[in-house]
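Q: Provided herewith is a single structure, encoded as structure tokens, for subsequent inquiry.
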Amino acid sequence: MEYRSKKDIGNTILIVAAHPDDEVLGCGGSIAKWTSLGHIVHVLIMAEGATSRSSIRDRKVHSEKLSLLENSAHSAGKILGVTSVKLLDFPDNRMDSIDRLDIIKAIEKEIVRLKPDTVITHHCGDVNIDHRITHEAVVTACRPQSGHSVRLLLAFEIMSSTEWQPPGSNFVFQPNWFEDIEETVDSKIKALECYQSEMREWPHPRSLKSVKNLAKYRGSMVGCGFAEGFMLLRIIK
């Protein structure tokens, strides 16, 4: 069954992304659409980025890059119209070295504080370990207990991670919720330009051309010019 968001998306939305740039790659066009319609969107970024490019994690060595990524996240957030961007400092591509409960509690803390109607995060089958751990932690933090604010749970795809997982190795991303972003795809591209250090040249999947091509393809699946696809994990009406 396919859903298109109207009132179902909720008033307050929390995006939980593993790394700086994932929030834009995954749903930047939808974020810009939702904020333009008056929805409140918060972004929570779990891991620091950059430090996995060295064999040993050393934040001092990468301090300049980490500062750049933080500034990029806030700049992208302004372009997309988000209410807040919060960056945590879990180790980049090493989140499997952290007790899972610590990750879950960090997310739960933000859910209690922000009381989102909707939480959106990574697909469970991504090749990136931080994406998978973030997904699992979000699902745990959003378990549907009495009085819990979260009514809708969605998963997005990330170019150069979701499609790089071989079909036989994990669950395949099969979108069943689509957001028409024809009017906001350019805002997504502009926000991604804030992350110049993370973007690559065509034909790398994390290039601006690839990102726009995916949006065009997702749009063609549901009869519009550009779209972002999500997997519906849970909806409570």
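No lab work stands behind these numbers, since they all come straight from the coordinates. Fair warning: this is a prediction, and the values are worked out from it, not measured in the lab. Quick reminder, even Gly has a Cβ in these numbers, built from the backbone with ideal geometry, and neighbours come from all protein chains shown.
Q: Fewest first, what order do Met95, Met199, Met221, Met46 take by the number of other Cβ atoms within 10 Å?
A: Ordered from fewest to most neighbouring Cβ atoms within 10 Å, Met95, Met199, Met221, Met46 come out as Met221, Met199, Met95, Met46.
Q: 222 nm [θ] for the chain, helices only, -39500 (n - 2.57) per DSSP H run of 4+, per residue, to 500?
A: Value at 222 nm, helices only, nearest 500: -11500 deg cm²/dmol.
Q: Tell me, in nm to one decimal, what length is gained between Gln145 and Leu208 on full extension, where the rule is 0.36 nm per residue of separation less the Cα-Cα distance?
A: Result for the pair: 18.7 nm of gain on full extension.
Q: With all distinct Cα pairs included, what does the Kirkwood hydrodynamic radius of region 63-115 come out to in Å, to one decimal, could you say?
A: 12.9 Å
Q: Could you list Lys237, Lys216, Lys190, Lys78 so that the one with the fewest beta carbons within 10 Å of its beta carbon is first and the one with the most is last?
A: In increasing order of surrounding Cβ atoms, one gets Lys237, Lys78, Lys216, Lys190.
Q: Could you point to the label whose value was computed as log10 I(q)/I(0) by the Debye sum over Cα atoms at q = 0.09, 0.12 Å⁻¹ for the structure here, given (i) -0.33, -0.61; (ii) -0.42, -0.72; (iii) -0.37, -0.67?
A: The value matching this structure is (i).
Q: Would you mind ranking Arg151, Arg143 so that the residue whose beta carbon has the fewest other beta carbons within 10 Å leads the list?
A: Arg143, Arg151
Q: List the residues of region 176-209 whose backbone N lies under 13 Å from a point placed 7 Å from the Cα of Lys216 along the Cα-to-Cβ direction.
A: In region 176-209, the label zone of Lys216 (backbone N under 13 Å from the point 7 Å along Cα→Cβ) covers 208-209.
Q: What spacing in nm lies between the two simple spin-label points modelled at Asn71 and Arg200, each 7 Å away from Cα in the Cβ direction?
A: Each label point lies 7 Å from its Cα, and together they span 2.6 nm.
Q: Would you look at the GNM of the chain, springs on alpha carbons closer than 10 Å, and say which of Val172, Val82, Val41 moves the most?
A: Taking springs between Cα atoms under 10 Å, the residue moving most is Val172.
Q: Could you tell me what percent of the DSSP beta bridges with both partners in region 96-237 are antiparallel, to the nearest 5?
A: Of those bridges, close to 65 percent are antiparallel.
Q: While we're here: Using alpha carbon centroids, what distance separates region 185-224 and region 115-155, in Å?
A: The two parts, judged by their Cα centres, are 24 Å apart.
Q: So, one more: Hey, which aspartates and glutamates would be in cross-link range of Lys109, C-alpha to C-alpha under 18 Å, not counting anything within fewer than 8 residues on its own chain?
A: Counting by Cα, and skipping residues close in sequence, Lys109 has these aspartates and glutamates nearby: Asp89, Asp99, Asp117, Glu136.
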